[in-house]
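K.L.:
Provided herewith is a single structure, encoded as structure tokens, for subsequent inquiry.
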Amino acid sequence: MRLALRLLKPVRGAIESTASIIGYVPQRSGRADSGFPLTVLEMLNSYRKLLKLRDKRVIEETLSLVGMDGFENTLVRSLSGGQSQKILIARALVGEPELLILDEPSTGIDAGSQEDIYKILKRLNREKGITVVSVEHNLAAAVSNSTEIYHLAGGHGHKCTPQQYAEEYLGHKNAEI
């Protein structure tokens, strides 16, 4: 993930991407605001300013995309885990990325929120053309929400379909996905 985000350089080989803008959603570790008493609007607006974007409508649009309209004046620290994750996705969308990388998007949130998050990600891919790459240890979520899986184990990787993954790694023959 750090290679794809261009935070590290490969020791050998190359990472190639045509995406000029990459959005990143880090793994949630509790609250999305790091303890500061920020409203959702303040958090997203500070990120917009950091990116030097002039159009304030981008915040309204991203909140709508993640189903968090009306939460602008809510303190980030008062949000549930699923709501907090949606705000982190909204923050990543402020820069209008072509590629969205998520680290463990289903960790620490209830099953209903996990389903909501993956619906949002699928919609972003389908309607906005955003490529979504997710590191996911929740195998059920990975299998049911992916079009391709790249399984890493023991220093080796294997690319497969979710169906192949369910059969090869989870032992589910004829799995319904």
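K.L.:
In the stretch 18-30, how many are at pLDDT 85 or above and out of contact with any strand residue (DSSP E or B) (no Cβ under 6 Å at 6 or more places or on another chain)? Walk me through how you get there before you give the answer.
P.N.:
Within the stretch 18-30, the subset at pLDDT 85 or above is 18-27.
Subsequent filtering for residues that are out of contact with any strand residue (DSSP E or B) (no Cβ under 6 Å at 6 or more places or on another chain) retains 18, 20-21.
The qualifying residues number 3.
K.L.:
Within the stretch 63-113, can you find the residues that are among the polar types (S, T, N, Q), surrounded by fewer than 16 Cβ atoms within 10 Å (Cβ to Cβ) and either in contact with a Lys or Arg (Cβ under 8 Å, 6 or more places away or on another chain) or modelled with pLDDT under 95 (or both)?
P.N.:
Result: SER78, SER80.
K.L.:
Also, I was wondering about something else. Could you tell me which numbered condition GLU42 fails, if it satisfies all but one of (1) in a helix (DSSP H, G or I); (2) loosely packed, with under 15 Cβ neighbours inside 10 Å; (3) of a type in the set (Asp, Glu)?
P.N.:
In the conditions (1) in a helix (DSSP H, G or I); (2) loosely packed, with under 15 Cβ neighbours inside 10 Å; (3) of a type in the set (Asp, Glu), GLU42 misses (2) alone.
K.L.:
In the stretch 67-89, is there at least one residue being in contact with a strand residue (DSSP E or B) (Cβ under 7 Å, 6 or more places away or on another chain) and within 23 Å of SER134 (Cα to Cα)?
P.N.:
yes
K.L.:
Something else: Quick one: how many residues across the stretch 60-88 are part of a helix (DSSP H, G or I) and among the hydroxyl-bearing types (Ser, Thr, Tyr)?
P.N.:
Start the filter on the stretch 60-88 by keeping residues that are part of a helix (DSSP H, G or I), which leaves 60-65, 76-78, 81-88.
With among the hydroxyl-bearing types (Ser, Thr, Tyr) added as a condition, the list becomes 62, 64, 78, 84.
The total comes to 4.
K.L.:
Read through the list (1) in contact with a helix residue (DSSP H, G or I) (Cβ under 8 Å, 6 or more places away or on another chain); (2) at pLDDT 95 or above, then give the number of the only condition that ASP33 fails.
P.N.:
Just one mismatch for ASP33, condition (2).
The values are calculated or read from the model by the stated rules, or taken from the named source; none is laboratory data. On a predicted model such as this, the values are computed, not experimentally measured, just so you know. Cβ coordinates were reconstructed from backbone atoms using ideal geometry, including for glycine residues, and neighbour counts include every protein chain displayed.
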